[in-house]
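> Please find one structure pasted underneath; my questions will follow.
What follows is calculated from the coordinates using simple rules that are stated; it is not laboratory data. Predicted model, so just to flag it, every value in this text is computed and none were measured. Glycine also receives a Cβ, built like all others from the backbone with ideal geometry; neighbour counts cover every protein chain displayed.
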Amino acid sequence: MSSLWNRLSRPLREARWRLAGWSAAQDREFHDDTFAPQQYDPFSPSYPGYLTIRRFADLADAHLAGVRSVVDLGCGPGEITCELARRHPAITFLGVDHSTVGVGRARRNAERLALKNITFTTGDIDAFALDGPVDLIAMFDAFHHLQDPAAFVARVQPKCPRIFLIEPAGKWTGQWTRDHDVDWLPAAIFELADRLEYAFDLPDGRDAPPASVPDAPVHGAPTEHRYTIEDFERFFAGYALDLRGTIAGLERHGARPLHQSALRDRFADAAYGMVVSVEDALYESGIDLAAKHWAIYAERGGQIPRRTPRIPKLRRDAATTPIGSAYGARISVPAPPSRMRPGEIVDVPVRMTNTGWRAWGDSCDQRVRVSYHWLDEKDSVVVFDGLRTVFAAPVAQGETADVTMRIEAPRAAGRFVLAIDLVHEGVTWFSQQGVPVHKTPVVISSST
């Protein structure tokens, strides 16, 4: 992107952000609600999210030579902060976040790892001021939550010569560029582990809570300023910048992210090694900034050799889905309902083809059933858990089944969307694994 176009387009994205009405209070409320229900061991090798924790810490490691003190702003539950603290016991770490829920979890993580070189505190990073000199400020996926990043940089600059960020790759519209998302790469490796454990009936470890329980409601709204490279150069004028892309930062953690086993630990190491190898290959080819996250190191008055990486265009036919997923389906509804009465229950014929490798049925280890969600016209969930319909016989990969599913209408009148889905009870909804739901608009009216 040219510097001229970036300057011309900046007012447009800033106007878009103002219309979003983001605020620090809404951002805090969102993160309190997001962190509250999370109960897992983030440092288990089996947990796919640990790949991101580990890789983000790697990228920060490259800039910790001679560092004695680090402040992690917007630390959330402190997972990356703790990972760095246990790698570097001689460095003191301070984690700061505006979410009391996140800080509480961060303290528990540090206590469980018996870390003595780390402290967590609650504070507004938009107004945060350093008490004294600090060697490095780190922000992992947090800089874009600032309301005024230029004022922040000016405020911390006198007391901290170095800043390290992991940030989403932004484009001129102010949105996240995820065209080059390769989450399918580690997802495919974890799929192999799932398939081997299923095929050989290997013993399970701790597993996820039932997926049929609806997610806890999340209030507020996160501040989502996505910046271009030119924006970061503007924020850090007077600093030398080192930029590197990373494909880590997984958003899709698979159907069983809390499942633990010895085999899964080994496959997790394989996935991590693959991510590192791919990132190194992209870096050596000068196309690493095509990745969906950027590692940005800013050093005031530093001497960093300037690279000229490029951002290539992704082939339109490039696959972005997991390879050989356990969950896959084609859903067709010959005669979907168009009108229903509030609370009415109807029978709807549905045809489904199993395109995944896991069989559907109702045995104790399968328990795959047909269900649905009700959405409003904005795609927000109105009813998460629909009635269940059981398959009359097992449905293997490639087979098609005709079922008559029972559907109960919402209790209120209005315009809704019926989203037909499948659920592997106690594990996941198929839609959570990238399988599209079948959507039908339905009018709910007592005059039907």
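> Determine the sum of side-chain charges near residue 125: Lys and Arg each +1, Asp and Glu each -1, restricted to other residues whose C-beta is under 12 angstrom from that of residue 125.
-4
> A follow-up question, please. For the chain, would you read off the P(r) tail past 28 Å as a percentage of all alpha carbon pairs?
57 percent
> Can you give me the span-like helices of the chain, meaning DSSP H runs with 30 Å or more of Cα extent along the axis and Kyte-Doolittle mean at or above -1.0?
Span-like helices, by this rule, are 262-284.
> Would you mind getting me the FRET efficiency between residue 439 and residue 122? Use the beta-carbon distance for r and R0 = 56 Å, nearest 0.05.
0.85
> From the helices alone, meaning DSSP H stretches of at least four residues, give me the mean residue ellipticity at 222 nm for the chain, per-run term -39500 (n - 2.57), in deg cm²/dmol to the nearest 500.
Helices in the chain give a 222 nm mean residue ellipticity of -8500 deg cm²/dmol.
> Report the full-extension gain for the segment residue 155 to residue 392: residue separation times 0.36 nm, less the Cα-Cα distance, to one decimal in nm.
Additional length available on full extension: 78.7 nm.
> Right, another one. Counting Lys +1, Arg +1, Asp -1, Glu -1, what net charge surrounds residue 411 among other residues with beta carbon under 11 Å of its beta carbon?
-1
> Distance cut-off 21 Å, Cα to Cα: go down the list 159/292; 292/378; 171/313 and report the pairs above it.
Distance filter (> 21 Å) returns 159/292; 292/378.
> I would also like to ask the following. Could you tell me what percent of the DSSP beta bridges with both partners in the chain are antiparallel, to the nearest 5?
Of the beta bridges lying entirely in the chain, close to 70 percent run antiparallel.
> Express in nm, to one decimal, how much length is gained between residue 385 and residue 402 on full extension, taking 0.36 nm for each residue of separation and deducting their alpha carbon distance.
4.0 nm
> Quick one: among 69, 46, 285, which has the greatest mean-square fluctuation in a GNM of the chain with alpha-carbon springs under 10 angstrom?
Comparing 69, 46, 285 in a Gaussian network model of the chain, the most mobile one is 285.
> What percent does the relative contact order of segment 3-300 come to when contacts are Cα pairs within less than 8 Å and at least six residues apart?
Relative contact order of segment 3-300: 25 percent.
> Provide the FRET efficiency to the nearest 0.05 for the residue 7-residue 278 pair, computing r from the beta carbons and using R0 = 25 Å.
Values: r = 34 Å, r/R0 = 1.35.
Efficiency for this residue pair is about 0.15.
> Also, quick follow-up: Sort out for me the Cα centre separation of segment 117-174 from segment 1-68, rounded to whole Å.
Between the Cα centre of segment 117-174 and that of segment 1-68, the gap is 11 Å.
> Given the options 308, 223, 122, state which has the largest fluctuation in a GNM of the chain using a 10 Å cut-off (strictly under) for Cα springs.
Checking each option, the largest mean-square fluctuation is seen for 308.
> What is the calculated FRET efficiency for residue 20 to residue 237, with r their C-beta to C-beta distance and R₀ = 25 Å, to the nearest 0.05? Mind showing how you got there, number by number?
Values: r = 26 Å, r/R0 = 1.06.
The formula returns an efficiency of 0.40 here.
> What distance in nm separates the simple spin-label points at residue 367 and residue 341, each placed 7 Å from Cα in the Cβ direction?
For residue 367 paired with residue 341, the spin-label model returns 3.5 nm.
> Still on this structure: On full extension of the chain, what length is gained from residue 313 through residue 221, given 0.36 nm per residue of separation minus the C-alpha to C-alpha distance?
Numbers: separation 92, 0.36 × 92 = 33.12 nm, distance 3.11 nm.
Roughly 30.0 nm would be gained on extension.
> Shape verdict for segment 329-444, please, from the Cα gyration tensor: rounded (a/c under 1.5), prolate (a/b greater than b/c) or oblate.
Numbers: a/c = 1.94, a/b = 1.74, b/c = 1.12.
Prolate, because a/c is 1.5 or more and a/b exceeds b/c.
> Taking H placed 1.01 Å from N in the peptide plane, check which residues at least 5 places from residue 95 or on another chain put their amide H under 5 Å from its amide H.
Those lying under 5 Å, H to H, from residue 95 are 72, 119, 120, 121.
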